[in-house]
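S.K.: Below is one structure. I have some questions about it.
The values are calculated or read from the model by the stated rules, or taken from the named source; none is laboratory data. All of these numbers come straight from a predicted model, not from anything done at the bench. Here the Cβ positions follow ideal geometry from the backbone for every residue, glycine too, while neighbour counts run over all protein chains shown.
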Amino acid sequence: MSRFDISGEPVDLSALRQALQDAGSGGFCSFEGWVRDSNEGRAVDGLDYEAYEDLARAEGELIIQEAIDRYGVADARCLHRTGSLRIGDLAVWVGVAAAHRDEAFRACRYIIDEIKHRLPIWKKEHYLDGDTAWVACTHVHREHEHDPVHHDRPGPPFAPDYSRQTRLREVGAAGQARLAAARVLVIGAGGLGCPVLSYLAGAGVGMLGVVDPDRLDASNLHRQTMYDARDIGELKAELAKRRIAALNPTVAVSVWTEPLHPGNVIEVFSEFDLVVECTDDMRSRYLSNDAAILTGTPLILASVYQYEGQLQVISAKPGGSCLRCLWPDEPAPGVTGSCAESGVLGPVPGVLGAMQAAEALKLLLDLPRQDDGVLFLYNLLDHTSQRLPIDAAAGCASHGSCVEVAQSAMARARGDVGLSLVFERLDDAVSAGFSLVDVRDPEEIATDPLGAPAREIPASQIVARQAEFAGRTILLVCATGRRSDHAVSFLREKGLLNVRSLAGGLNALKRSAEVSS
Amino acid sequence: MTTVTLQYFAQLREQAGAGAEQLSTAAGSLRELYTELAARHGFSLPADALKVAVNAQFSDWSRPLRDGDTVVFIPPVNGG
């Protein structure tokens with residue numbers, strides 16, 4: 001059945017609501033538009049709706065699909081009335097079911113706004129004084145909160161003015177030319193990436209690469225200062241590209257909307273002079289470290305925890321040190337806290353990201369630096385900082401060299417490719433002989449049940465409970481595939497070769513269900 | 001007994017409930033000291049997941065403790 005409908009008669013709303021019920025949805029949001037007794041100061045007795053039905057149906061269906069794609073909701077329905085309606089009658093109904101309430105609210109708002117704005121439906125108002133008037137339902141043009149048009153408005157011709165930095169004796173015109181010729185890859189366009197991208201674009205770095213597979217979420221906005229409420233649901237890499245174009249149209253931008261992986265990271269790093277690692281993902285951090293060492297590309301690492309941050313510049317020169325000199329192996333899943341799990345004060349990644357931007361400019365401009373081979377720790381609660389020189393001889397050098405360690409790590413990681421499997425339904429995985437293990441946290445499982453028999457072992461307990469994975473063929477499942485991928489690699493290093501990860505996690509399953517429905 | 005100053009970062013600060021403390025300890029090495037503290041504060045991270053620095057220099061876990069040392073345990077963090 002179509003998800004958008006037009007009816008000349010009153011409709012049974014409980015049937016519409018029923019059609020949206022599904023076990024995977026934890027939130028349902030509906031909107032009803034009613035006939036009101038006045039419009040623009042005139043008393044209204046009732047009204048007639050008329051629609052150009054074929055076009056309205058096609059457009060309505062399109063709007064619902066857009067809302068599903070944009071907000072990742074499970075399903076949505078909309079009904080619009082035509083014919084004669086009286087005061088208090090239902091004129092339009094929108095219902096959205098989703099895993100969580102936030103996207104249900106947003107998608108519902110999106111649908112009703114777009115319906116009002118785009119559908120060829122007109123209403124004839126009957127006023128109490130006997131007069132009537134046709135009112136186009138689309139007569140109010142306003143910029144919606146989700147409307148990306150504001151990003152694309154052409155501005156006046158722009159000539160960058162870098163005088164405030166070229167005035168610095170160490171920068172000058174020669175420095176500016178170096179920046180214009182520079183290519184910098186920024187991995188992660190979140191709390192750290194926003195200041196990095198903003199400052200590097202503002203400074204006139206000629207070419208910026210942006211890697212980020214995530215879509216903007218409302219919970220990002222307290223720290224990710226390049227975006228605003230209208231951007232929610234959109235890909236951050238694309239948003240960042242638009243923001244950079246608005247800030248400095250002379251900067252060229254390339255985007256990657258999939259994470260870099262062992263199969264392409266070397267090739268991608270080779271296109272850049274410098275890489276700034278801004279993700280909240282340990283795996284990405286280690287992959288970047290290894291790729292930087294193997295390609296000789298300088299890498300600026302930073303990470304934050306609540307009120308603190310760490311900063312490390314890897315020069316990728318012989319005799320230097322790297323991330324693995326400090327912590328040789330990627331920590332087991334769940335050992336290090338993420339912003340989502342541990343919380344973070346918004347300005348903390350802002351400060352560390354600004355420091356990364358400063359380090360990037362210092363490197364590109366060849367300014368005086370004393371930062372290689374040092375781990376910096378900053379605590380913004382008490383303003384203490386630690387400058388800890390890294391003894392390269394005690395690091396990777398004791399197992400050969402950073403390059404040798406990176407080579408073997410990269411070879412291991414390449415062996416991991418193919419360990420995540422694509423299934424359209426969990427039942428298919430079960431039929432293929434997999435036992436399912438849900439590695440999400442209990443709260444996530446409570447709001448978004450798996451809908452298939454599975455053992456529940458949170459990612460943070462994989463280490464302690466690795467014995468439970470022996471013997472059977474197991475498919476690990478999480479929301480996005482990130483935690484399950486990570487857990488698979490970890491278990492493989494422990495010799496458990498019978499474990500695979502559901503590629504893209506439950507989100508991917510939901511997307512493929514939408515496409516096939 | 002040796003008196004040392006301890007500084008904690010990230011999860012360790014949270015689990016210890018303080019950013020710093022002074023301690024008299026019978027521990028002979030940094031590793032023994034961490035074992036003692038892990039038991040006291042319920043640290044969830046194993047020593048091998050951490051770096052340790054003494055008096056602003058990274059240090060080996062077997063280093064003996066001396067009076068007045070400032071010891072910092074540093075976990076890797078990944079927020080961004």
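S.K.: Within region A:340-349, can one find any residue that is over 20 Å from B:LYS51 (Cα atoms), at pLDDT below 95 and surrounded by 22 or more Cβ atoms within 10 Å (Cβ to Cβ)?
M.R.: Yes.
S.K.: Within region A:30-47, is even one residue basic (Lys, Arg), assigned to a helix (DSSP H, G or I) and touching a residue at least 24 places away in the same chain (Cβ under 8 Å)?
M.R.: There is no residue in region A:30-47 that is basic (Lys, Arg), assigned to a helix (DSSP H, G or I) and touching a residue at least 24 places away in the same chain (Cβ under 8 Å).
S.K.: Please determine, by comparing only the residues of region A:38-69 that are among the aliphatic types (A, V, I, L, M), surrounded by 15 or more Cβ atoms within 10 Å (Cβ to Cβ) and more than 41 Å from the chain's Cα centre (by Cα), which one is farthest from A:ILE6 (Cα to Cα).
M.R.: Looking at the filtered set, the residue picked out is A:VAL44.
S.K.: Select from region A:439-456 the residues that are out of contact with any helix residue (DSSP H, G or I) (no Cβ under 8 Å at 6 or more places or on another chain) and of a type in the set (Val, Ile, Thr) and write down the one among them that is farthest from A:ARG483 (Cα to Cα).
M.R.: Going through the qualifying residues, I end up with A:THR447.
S.K.: Does A:VAL437 satisfy the condition of being closer than 26 Å to A:ARG101 by Cα and surrounded by 20 or more Cβ atoms within 10 Å (Cβ to Cβ)?
M.R.: yes
S.K.: Something else: What's the number of the only condition in (1) within 14 Å of chain B (Cβ to nearest Cβ); (2) within 21 Å of A:GLY350 (Cα to Cα) that A:ALA246 fails to meet?
M.R.: For A:ALA246, the failing item is (1).
S.K.: If you don't mind, there's one more thing I want to ask. Keeping to region A:60-99, report how many residues are assigned to a helix (DSSP H, G or I) and over 28 Å from A:CYS478 (Cα atoms).
M.R.: Residues that pass the stated criteria total 4.
S.K.: Then there's this: Considering every residue within region B:34-53, establish whether at least one is farther than 23 Å from A:PRO331 by Cβ, crowded, with 18+ Cβ neighbours inside 10 Å and away from chain A (no Cβ under 13 Å).
M.R.: Within region B:34-53, none of the residues are farther than 23 Å from A:PRO331 by Cβ, crowded, with 18+ Cβ neighbours inside 10 Å and away from chain A (no Cβ under 13 Å).
S.K.: Right, something else. Name the residue that is surrounded by the most Cβ atoms within 10 Å (Cβ to Cβ), counting only residues in region A:219-249 that are touching a residue at least 60 places away in the same chain (Cβ under 8 Å) and β-branched (Val, Ile, Thr).
M.R.: Among those residues, the one meeting the criterion is A:ILE232.
S.K.: Mind counting the residues in region A:70-79 that are over 22 Å from the mean Cα position of the chain (by Cα) and farther than 17 Å from A:ARG118 by Cα?
M.R.: 1
S.K.: Additional query: Looking only at residues that are of a type outside the set (Gly, Ala, Ser) and in contact with a helix residue (DSSP H, G or I) (Cβ under 8 Å, 6 or more places away or on another chain) in region B:59-73, which one is surrounded by the fewest Cβ atoms within 10 Å (Cβ to Cβ)?
M.R.: Applying the filter and picking the extreme gives B:ASP60.
S.K.: Follow-up question, since we're still on this one. Which residue out of A:ASP102, A:ASP54 is over 21 Å from A:ALA19 (Cβ atoms), in contact with a helix residue (DSSP H, G or I) (Cβ under 7 Å, 6 or more places away or on another chain) and not in a loop (DSSP other than H, G, I, E, B)?
M.R.: Exactly one of A:ASP102, A:ASP54 is over 21 Å from A:ALA19 (Cβ atoms), in contact with a helix residue (DSSP H, G or I) (Cβ under 7 Å, 6 or more places away or on another chain) and not in a loop (DSSP other than H, G, I, E, B), namely A:ASP102.
S.K.: Among (1) of a type in the set (Asp, Glu); (2) more than 13 Å from chain B (Cβ to nearest Cβ); (3) in contact with a strand residue (DSSP E or B) (Cβ under 7 Å, 6 or more places away or on another chain), there is one condition A:ASP391 misses while meeting the rest; what is its number?
M.R.: Among (1) of a type in the set (Asp, Glu); (2) more than 13 Å from chain B (Cβ to nearest Cβ); (3) in contact with a strand residue (DSSP E or B) (Cβ under 7 Å, 6 or more places away or on another chain), A:ASP391 violates only (2).
S.K.: Just wondering, is there one or more residues in region B:30-47 that are farther than 25 Å from A:TYR307 by Cβ and touching a helix residue (DSSP H, G or I) at 6+ places or on another chain (Cβ under 8 Å)?
M.R.: yes
S.K.: Then there's this: So, of the residues in region B:1-29 that are more than 14 Å from every other protein chain (Cβ to nearest Cβ) and of a type outside the set (Val, Ile, Thr), which turns out to be surrounded by the most Cβ atoms within 10 Å (Cβ to Cβ)?
M.R.: B:ALA27
S.K.: I need every pair where a residue in region B:39-62 that is farther than 17 Å from B:GLN7 by Cβ and without any contact (Cβ under 8 Å) to a residue 40 or more places away in the chain has its Cβ under 8 Å from the Cβ of a residue that is hydrophobic (A, V, I, L, M, F, W, C) and part of a loop (DSSP other than H, G, I, E, B), sequence separation at least 6 or different chains.
M.R.: B:SER44/A:VAL335; B:ALA49/A:TRP327; B:ALA49/A:ALA332; B:ALA49/A:VAL335
S.K.: Further question on the same structure: Check off (1) over 24 Å from A:LYS510 (Cβ atoms); (2) surrounded by 14 or more Cβ atoms within 10 Å (Cβ to Cβ) for A:ALA470 and give me the number that stays unchecked.
M.R.: Condition (2) is where A:ALA470 drops out.
S.K.: Specify which of the listed residues (A:VAL268, A:VAL205, A:VAL211) is under 11 Å from the mean Cα position of the chain (by Cα), under 27 Å from A:ALA177 (Cβ atoms) and either β-branched (Val, Ile, Thr) or surrounded by 21 or more Cβ atoms within 10 Å (Cβ to Cβ) (or both).
M.R.: A:VAL211
Per-residue answers, yes or no, for (1) away from every other protein chain (no Cβ under 14 Å); (2) under 31 Å from the mean Cα position of the chain (by Cα); (3) more than 25 Å from A:ASP290 (Cβ to Cβ); (4) surrounded by fewer than 15 Cβ atoms within 10 Å (Cβ to Cβ):
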position	(1), (2), (3), (4)
A:LEU380	no, yes, yes, no
A:ARG387	no, no, yes, yes
A:ALA409	yes, yes, no, no
A:SER420	yes, yes, no, no
A:ARG425	yes, yes, yes, yes
A:VAL430	yes, yes, yes, no
A:GLU444	yes, yes, yes, no
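S.K.: Let me ask something else. Looking only at region A:112-153, filter to residues that are among the charged types (D, E, K, R) and either assigned to a helix (DSSP H, G or I) or in contact with a Pro (Cβ under 8 Å, 6 or more places away or on another chain) (or both); which one of those is modelled with the lowest pLDDT?
M.R.: It comes out as A:ASP152.
S.K.: Residues that are within 10 Å of another protein chain (Cβ to nearest Cβ) and in contact with a His (Cβ under 6 Å, 6 or more places away or on another chain): which helices (runs of 4 or more DSSP H) entirely in region A:277-372 hold 1 or more of them?
M.R.: A:282-295
S.K.: Quick test of your reading of the structure: A:ASN289 fulfils all but one of (1) free of Cβ contacts under 8 Å to residues at least 60 places away in the same chain; (2) surrounded by 20 or more Cβ atoms within 10 Å (Cβ to Cβ). Name the failing condition by number.
M.R.: Of (1) free of Cβ contacts under 8 Å to residues at least 60 places away in the same chain; (2) surrounded by 20 or more Cβ atoms within 10 Å (Cβ to Cβ), only one is false for A:ASN289: (1).
S.K.: Can you tell me which residue is farthest from A:SER2 (Cα to Cα) among those in region A:72-109 that are surrounded by fewer than 19 Cβ atoms within 10 Å (Cβ to Cβ) and in contact with a Cys (Cβ under 8 Å, 6 or more places away or on another chain)?
M.R.: Applying the filter and picking the extreme gives A:ARG101.
S.K.: I've got another one for you. Being charged (D, E, K, R) and within 23 Å of A:THR132 (Cβ to Cβ) is the filter; apply it to region A:1-37 and report the residue that is surrounded by the most Cβ atoms within 10 Å (Cβ to Cβ).
M.R.: Once the filter is applied, the top-ranked residue is A:ASP37.
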